[in-house]
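The structure under discussion appears below in the form of structure tokens.
The values are calculated or read from the model by the stated rules, or taken from the named source; none is laboratory data. Small disclaimer: the values here were computed from a predicted structure and weren't measured. We place every Cβ from the backbone using ideal geometry, glycine too, and count neighbours over all the protein chains shown.
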């Protein structure tokens, strides 16, 4: 249905252009950026490793879920669109970040303890030698937008007609559309109880899918070959969340299973907003170099470390904690073509 509405809008724009004998030509554009984004996580700050004091009366916290802040993640952004001659247009875009990874490790022979009843009941988890926690994450976002554009200055710096070129132009795009955001994460708490025994782990994977609508605005100011562009978009939608945990066993010869693998799913609300400020230098009539800075906020997602449940009951690990969020910020560098 959405694709049909978009197709009707594009066809209608083309027909309007054909009916206008003196109408301005449409403007197509392609934008490609390489992204380098850091993230700060709105995760609960629960302890995941304690000072075990050789298994007796676990004491102070050694690290928590926030100790695994992922490193800078590389990504890409690609948008393709058109400004029609009747001041309407469309764009389709994708952006994603891959390779976020964070970990933390502690080595205290016989002096480390996993918290809660689970840590006390799994053999070796209340007096471990080594504990390592790691967290990896991938984000993908797809957008489908309609545009309502305003131009001032009557200029087209990339126009093939010299009479249409001039030194200054202002462009404003009012944006309305749909988005999908998918966040996939894995977290593992790796415990080595004794030097002579293999390690065991508590692994959790989460999947968060947000579907919704968004509104925004984008402005662009051109001075001859230089342009400054900025946008802000905010979207609200439904969220489908899922988590799965691996079975928890000990590393002794009997391989006793303390907790079977468990899965859960839930629904909720999610929010996505993005902001960008980029400077562009046009080195030909079509091609330009882009460099800028980005800020984004995503909420209502299930972060993998939040799903660790250190209680030890029949319902432990059977829910989804979906109140997580992440704040992203970082640079972009890329190319654009406008014709």
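The number of residues in segment 123-137 being farther than 20 Å from residue 69 by Cα and surrounded by 19 or more Cβ atoms within 10 Å (Cβ to Cβ) comes to 6.
Taking first residues from segment 227-249 that are more than 30 Å from residue 123 (Cα to Cα) and partners that are assigned to a loop (DSSP other than H, G, I, E, B), the Cβ contacts under 8 Å between residues at least 6 apart in sequence or on separate chains come to 239/322; 241/302; 241/320; 241/322.
Pull up segment 112-122, narrow it to residues that are over 33 Å from the mean Cα position of the chain (by Cα) and surrounded by 20 or more Cβ atoms within 10 Å (Cβ to Cβ), then point me to the one that is farthest from residue 256 (Cα to Cα). Before the answer, list the steps.
Step one: of segment 112-122, the residues over 33 Å from the mean Cα position of the chain (by Cα) are 112, 117, 120-122.
Narrowing further to those that are surrounded by 20 or more Cβ atoms within 10 Å (Cβ to Cβ): 112, 122.
Details: 112: 21, 122: 9 Å.
Among residues in segment 112-122 that are over 33 Å from the mean Cα position of the chain (by Cα) and surrounded by 20 or more Cβ atoms within 10 Å (Cβ to Cβ), the one farthest from residue 256 (Cα to Cα) is 112.
Pairs are defined by a Cβ separation below 6 Å, a sequence spacing of at least 6 or placement on different chains, a first member in segment 114-126 that is touching a residue at least 24 places away in the same chain (Cβ under 8 Å), and a second member that is buried (at least 22 other Cβ atoms within 10 Å of the Cβ) and in a helix (DSSP H, G or I); the pairs so defined are 125/119; 126/119. Can you confirm whether residue 229 is modelled with pLDDT of 95 or more, in a strand (DSSP E or B) and within 30 Å of residue 257 (Cβ to Cβ)? No: the conditions fail for residue 229. Only residues that are farther than 12 Å from residue 330 by Cβ and touching a residue at least 60 places away in the same chain (Cβ under 8 Å) were counted in segment 279-299, giving 7. Looking at segment 69-91, I want the residues that are in contact (Cβ under 8 Å) with a residue 40 or more places away in the chain and at positive phi and have a partner that is surrounded by 19 or more Cβ atoms within 10 Å (Cβ to Cβ) and in a strand (DSSP E or B) with Cβ atoms under 9 Å, at least 6 apart or on another chain. Which pairs are those? The qualifying pairs are 87/147.
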